[in-house]
1. Under a point-charge model restricted to the Cβ atoms of Lys and Arg (+1) and Asp and Glu (-1), what is the dipole moment magnitude of the stretch B:76-155 relative to its Cα centre, in debye to the nearest 20?
2. Antiparallel DSSP bridges in the stretch A:221-339: what percent, to the nearest 5?
3. Can you name the helices of chain A, as whole DSSP H runs, whose Cα span along the helix axis is 24 Å or more and whose Kyte-Doolittle mean is not below -1.0?
4. Which ³J(HN,Hα) values in Hz, rounded to whole numbers, follow from the phi angles of the stretch B:61-77 under the Karplus curve 6.51 cos²θ - 1.76 cosθ + 1.60, where θ = phi - 60° and Gly and Pro get x?
5. Kindly put A:Asp565, A:Asp91 in sequence by how many other C-beta atoms sit within 10 Å of each C-beta, fewest to most.
6. Taking the dipole about the Cα centre of chain A, with the C-beta of Lys and Arg at +1 and of Asp and Glu at -1, give me whichever of A:Ser591, A:Val264, A:Leu632 is farthest to the positive side.
7. To check my understanding: the extent here is largest minus smallest coordinate of the Cα atoms along each principal axis. What are those three numbers for the stretch A:34-88, in Å, largest first?
8. Mind checking the dipole of the protein assembly as shown: about its Cα centre, +1 per Lys or Arg Cβ, -1 per Asp or Glu Cβ, Debye to the nearest 20?
Amino acid sequence: MEPNVKLTIDGYAVTVPVGTNLLEAAQTVGVEIPHLCYLKSFLGIGACRICLVEIAGFRAPVTACTTLVQADMLVITDSARLRADRKFVLDLILSVHPPRCGQCEKVGVCQLIKYASKYRIGKSTFEYTEIGQAVTDPNPFIRRDMRYCILCGKCVRICQGQGTNVLAFLGRGIKLGVGTPAASSLKDNGCTFCGSCVEVCPVSALAEVPKLGKGREIKYTKTASVCMQCGNACPTQVATYEDELVKVNALDNADQTTGYLCAVGRFGFYLRQGEKRLTTPLKKSSGIWQETDWTEALTIISQRFKKGNSGLIATGTILNQEVLDLATFAQATQISNLAGTPALYASNEALRAPAAQLEQADLIILVGLNPSQQQRVFPALDAVIKSRVRQGAKLVVLNDVATGLGALAEVEILDEPVMLLEAFGRCAGMSIPQDVLGATTQAAIIAKAAKLYQAAQNPVLLCEPAYYQACVNAIGNKGPVLVMPYEANAKGVALMLPAPEQLNCRELLNGGVDTLYIAGEMLAGKNVQTDFLIVQQPYFNGVALQADIVLPAPLPWEKTGTVVDWQGQLKNLQQACPVPPGVKTYRQVFSELGQMLGCRLEWTAEDAVIAAAQLRPEPVVRELSTAFTPALSLVERVKLLKELNGLVARSLE
Amino acid sequence: MEIKSEIDSNVLTVLTDEQKKKAMIIQALFVIQKEHNYLPAEQLKQLSERLELSTADIYSTASFYKQFYMQPRGKNVVCVCVGTACHVSGAPEILETFEKTFDLKAGETDPDLNVTLETVGCVGCCGLAPVVTVNEAEILGEITTAEAEKVAGKVWPKEA
């Protein structure tokens with residue numbers, strides 16, 4: 001741990017680690033120093049000049065974001081002089097910012113208005129000079145109007161920090177502006193359209209295209225949710241306007257900082273509007289799809305269930321409570337075949353492993369995973385790891401192919417991961433002689449990785465599910481092993497489902513039962529062999545096309561519940577939009593089916609989720625040969641993630 | 001005196017590969033500009049690939065310095081100083097004379113690449129104001145509008 005420094009800010013005694021800047025130090029005691037350009041976890045640049053503070057013994061005010069704490073410093077963050085200084089700085093900024101707040105949709109989240117009203121400045125006392133211009137770069141995601149830009153540089157820094165590096169400061173002096181090389185399009189510069197730049201923009205220079213013309217942000221209702229599109233399960237904030245979803249951004253971003261969402265998470269709701277949303281049940285009769293009503297659809301299903309030899313599958317895209325409801329339904333109706341799709345790619349043990357947080361890791365060992373924003377494979381994981389490395393964490397990569405993150409790694413070893421882990425495990429428990437570390441043989445490089453592991457306080461092994469057992473074997477119980485699943489609630493499904501199952505998921509999909517019901521969007525591409533298939537999901541696509549009956553289901557922002565994310569943490573979703581007419585929740589469906597089958601269903605209480613989520617057995621070292629073999633190959637698994645990639649790519653054409 | 005054999009670890013934090021590559025940009029830009037007389041987009045793209053830096057990094061550096069040009073330049077470059085001393089000594093009129101004679105605005109180059117007309121903040125010889133430089137080699141001090149017209153005719157002789 002860094003040694004601490006004691007100082008006084010506005011009369012409060014503050015104790016913070018060496019190297020903390022005054023802005024962050026003040027936040028620890030609830031003193032909010034105004035700022036426009038400061039970006040948490042990045043070095044302060046002192047560009048906006050709003051965060052000026054007075055320090056006893058200093059001749060003039062200094063910027064809090066660039067000044068580091070010193071012992072016994074006496075800091076004043078608010079005084080008549082500072083208010084006058086800040087007001088003048090705002091006056092200058094406003095002189096080059098369009099005086100059109102009346103038409104601006106950013107009102108409600110605009111940082112400039114916030115400070116302008118706080119320091120009581122309406123219009124600049126200088127004549128307004130237009131600098132920058134609206135950028136012509138048609139795309140369905142990001143609108144750039146640089147007339148509004150106040151040159152805080154947050155977008156440039158976040159883009160560089162994430163390693164996407166599309167935006168830059170161009171020019172100098174009055175001609176300085178944020179843009180792309182030679183005014184080319186974002187797309188041509190390899191932009192992934194994650195929208196982090198929009199997220200951090202304090203004004204209206206960058207805006208999400210989907211929300212344009214949908215009113216001012218001050219009128220939006222904001223609700224916490226979770227993106228269910230991949231195993232990253234990113235926490236989101238869903239904004240609705242008159243019950244319509246208009247914007248999704250990263251959650252918990254009061255300071256507009258670290259949260260990352262990829263294009264699919266941020267704009268997916270908008271992209272998928274083009275797909276066919278199911279609002280009425282469909283049935284296939286002699287190969288032709290027909291709309292039907294709920295009574296008929298559920299009657300057919302209950303008759304199938306009455307015949308027996310049925311199975312139920314929970315996908316990793318439904319919430320914990322929905323999994324429990326499915327289990328309740330299975331128990332009441334005595335349908336003994338109940339399985340989860342996460343079992344297709346991960347062992348139950350791997351999914352139920354104890355929780356751990358990457359945010360606190362000082363060493364990340366990445367095994368068999370190749371997260372990439374550009375390839376849209378776990379883009380948030382790519383961004384999180386880059387952010388951790390920027391903040392000083394070390395990275396070790398073990399993989400059989402070169403990875404995008406390899407360049408940032410302290411050690412990257414390319415070979416068969418199971419073999420590497422065995423060698424790593426042997427080294428990790430030994431004292432490694434210094435002379436070995438200088439050598440360049442593979443054994444020496446593995447020893448170097450083991451040395452880093454020995455020195456680390458909070459090492460985290462993060463692996464592709466197939467390597468879970470090999471990771472546990474390599475390190476025993478020293479440091480958590482986290483698997484990265486392919487579905488958002490994979491770990492939740494594993495924790496909620498009662499073990500043991502009669503037939504496993506693969507057997508159910510391969511014709512083990514005559515009637516099969518799948519709750520949620522199944523990993524596409526899997527050919528289901530069953531006599532009669534029922535699928536309940538929001539859109540008419542993927543496995544639904546192979547079904548005999550398709551039932552509509554609510555979207556993530558239309559329901560309340562929890563998921564267990566890739567780090568094993570429970571995350572909440574709150575309903576933001578009403579369930580559309582014609583759509584029934586899973587519980588409604590189970591309830592009605594239960595009645596038709598003459599069963600009484602007693603739903604498990606909410607705290608059952610929390611109880612189930614806490615059942616985390618400690619990892620056990622065991623023979624690799626008895627370990628898990630995934631039903632889907634790695635290529636198949638990664639391909640599933642990339643399918644959404646197509647959605648983003650198509651929308652750019 | 002004891003000499004430390006290990007370099008200070010704080011120095012290592014700025015001696016990263018990334019920093020070294022960024023430090024290389026300006027040198028590379030000079031070489032490219034010497035070859036092509038400006039910075040062709042294709043060359044900058046290749047430079048970014050070779051240095052494994054984003055094109056954003058390259059353009060950010062290139063656009064900061066007035067010495068780097070993104071557009072082709074004329075065979076001759078006439079540069080009118082518009083610094084404070086030159087301004088009060090009549091630089092605006094001198095510039096106007098060149099603009100009229102060349103039929104170009106400041107910062108422009110004629111389509112046949114005969115001449116580029118530019119302005120500069122200060123050349124550093126305010127005693128000679130107003131000052132005009134030709135090809136950064138010839139420095140013409142205390143220039144009058146009549147002399148400016150002559151210089152223009154010499155630099156870019158137009159057939160009658």
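1. For the stretch B:76-155, the charge dipole is close to 160 debye.
2. Restricted to the stretch A:221-339, the bridges split so that about 85 percent are antiparallel.
3. Those that clear 24 Å and a mean of -1.0 are A:634-652.
4. Per-residue couplings from phi come out as 5, 4, 7, 6, 9, 6, 6, 9, 10, 8, 10, x, 10, x, 4, 10, 10 Hz.
5. A:Asp91, A:Asp565
6. Farthest along the dipole direction, towards plus: A:Val264.
7. Principal-axis extents of the Cα atoms in the stretch A:34-88, largest first: 30, 27, 15 Å.
8. Dipole of the protein assembly as shown, to the nearest 20 debye: 1060 debye.
Any read-out appearing in this document is the output of simple, stated calculations on the displayed coordinates, not a laboratory observation. The structure displayed is predicted, hence computed values, not measured ones. Methodologically, a virtual Cβ is constructed for each residue, glycine included, from the backbone with ideal geometry; neighbour enumeration extends over all protein chains shown.
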